[in-house]
Each structure stands twice: as structure tokens, then as C-alpha cells.
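Peer 1: Pasting a structure here, questions to come.
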Amino acid sequence: MNREARVRKTKASAGRKARKELYVLRLYVAGLTTRSRTAISNITSICEEHLQGRYDLEVIDVFQRPILAREEQIIATPTLVKKLPAPLRRLIGDLSERQKVLIGLDLRRLG
């Protein structure tokens, strides 16, 4: 196999691997306020549309689990933390600005 064919094969394999990566997401909310419910609905919709079968979304109420919020240094809610794939990202707000959320999750490129 020549070098160019190996490079193409490696790029194709990397592309397939990237599409199959598991997204580990944690959404920190403060109770079931309207803003919290909106954030839950928005991220669930985005995950189902763009990450179907490739995501682990955990909703964490900071009132119920304050130690987790402290460990993650959550200072505002709702906050979405993308733990995997790297890099770690934090998005604050109700996640209604869909394009910004997609860019923040590396599901869309700028431009």
C-alpha cells in the first residue's frame, strides 16, 4: 500500500471514529424552574438530533447534590459541562441559542 493510500485510510478511520465518539454531558440545574426545564428540553432535543445513541446526559440538581456542584465549580445554573470528548467545555444558560450550543459541543464549525 502506498503512502497516499495509507493517509486516506487513516483519515477515513479517524472520521468514522469521531462520528462514533461518546459524548458525556452533565447539566447542572437549580430545581425545576422554567429556565431549568427549558435547558433540559433544549439539550435533550440537540442530543437526539445530533448525537442519537452516542451520548450520556445526566441532569444534576445542585440543591439535591451540592457536593457535585462544588467539585465541578458550578457558579451559575443552568450549566452544561461537556466532559467527553475533550476538550472540556462549559455552557451557561438555558441553551436556547442552538447554533452556539452546537459550536460549543464541537458539532458545528464557526463560519
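Peer 1: For region 51-71, check the following and say yes or no: at least one residue is within 15 Å of Leu107 (Cα to Cα), in contact with a helix residue (DSSP H, G or I) (Cβ under 7 Å, 6 or more places away or on another chain) and at pLDDT 95 or above.
Peer 2: yes
Peer 1: Here's another thing I want to ask about it. Of all residues in region 67-111 being touching a Ser or Thr at 6+ places or on another chain (Cβ under 9 Å), of a type in the set (Gly, Ala, Ser) and surrounded by 13 or more Cβ atoms within 10 Å (Cβ to Cβ), which is farthest from Ser36 (Cα to Cα)?
Peer 2: Ala69
Peer 1: Here is a further query. What tally of residues in region 22-33 results from selecting those that are farther than 18 Å from Leu88 by Cα, in contact (Cβ under 8 Å) with a residue 12 or more places away in the chain and of a type in the set (Ser, Thr, Tyr)?
Peer 2: Residues flagged as farther than 18 Å from Leu88 by Cα, in contact (Cβ under 8 Å) with a residue 12 or more places away in the chain and of a type in the set (Ser, Thr, Tyr) within region 22-33 amount to 0.
Peer 1: Take Leu102 and decide whether it is at pLDDT below 95, in contact with a His (Cβ under 9 Å, 6 or more places away or on another chain) and not β-branched (Val, Ile, Thr).
Peer 2: no
Peer 1: Then there is this: If you scan region 71-86, which residues turn out to be under 17 Å from Ile40 (Cβ atoms) and either hydrophobic (A, V, I, L, M, F, W, C) or free of Cβ contacts under 8 Å to residues at least 12 places away in the same chain (or both)?
Peer 2: Ile74, Ala76, Leu80, Val81
Peer 1: Now for a different question. Under 6 Å by Cβ, and 6 or more places apart or on different chains, what pairs join a residue from region 34-60 that is without any contact (Cβ under 8 Å) to a residue 60 or more places away in the chain and hydrophobic (A, V, I, L, M, F, W, C) with one that is surrounded by 14 or more Cβ atoms within 10 Å (Cβ to Cβ) and assigned to a loop (DSSP other than H, G, I, E, B)?
Peer 2: Close Cβ pairs (under 6 Å, with a partner that is surrounded by 14 or more Cβ atoms within 10 Å (Cβ to Cβ) and assigned to a loop (DSSP other than H, G, I, E, B)) amount to Ala39/Pro78; Ala39/Asp94; Ala39/Leu95; Ile43/Leu95.
Peer 1: Among the residues of region 32-66, which ones are basic (Lys, Arg) and exposed (fewer than 15 other Cβ atoms within 10 Å of the Cβ)?
Peer 2: Hits for region 32-66 are Arg37, Arg54, Arg65.
Peer 1: Residue under question is Arg19, and the condition is that it be at pLDDT 95 or above, under 25 Å from Gln99 (Cα atoms) and of a type in the set (Lys, Arg); does it hold? Walk me through it before giving the result.
Peer 2: Values: at pLDDT 95 or above: no; under 25 Å from Gln99 (Cα atoms): yes; of a type in the set (Lys, Arg): yes.
Here the answer is no, as Arg19 does not meet what is asked.
The values are calculated or read from the model by the stated rules, or taken from the named source; none is laboratory data. On a predicted model such as this, the values are computed, not experimentally measured, just so you know. Quick reminder, even Gly has a Cβ in these numbers, built from the backbone with ideal geometry, and neighbours come from all protein chains shown.
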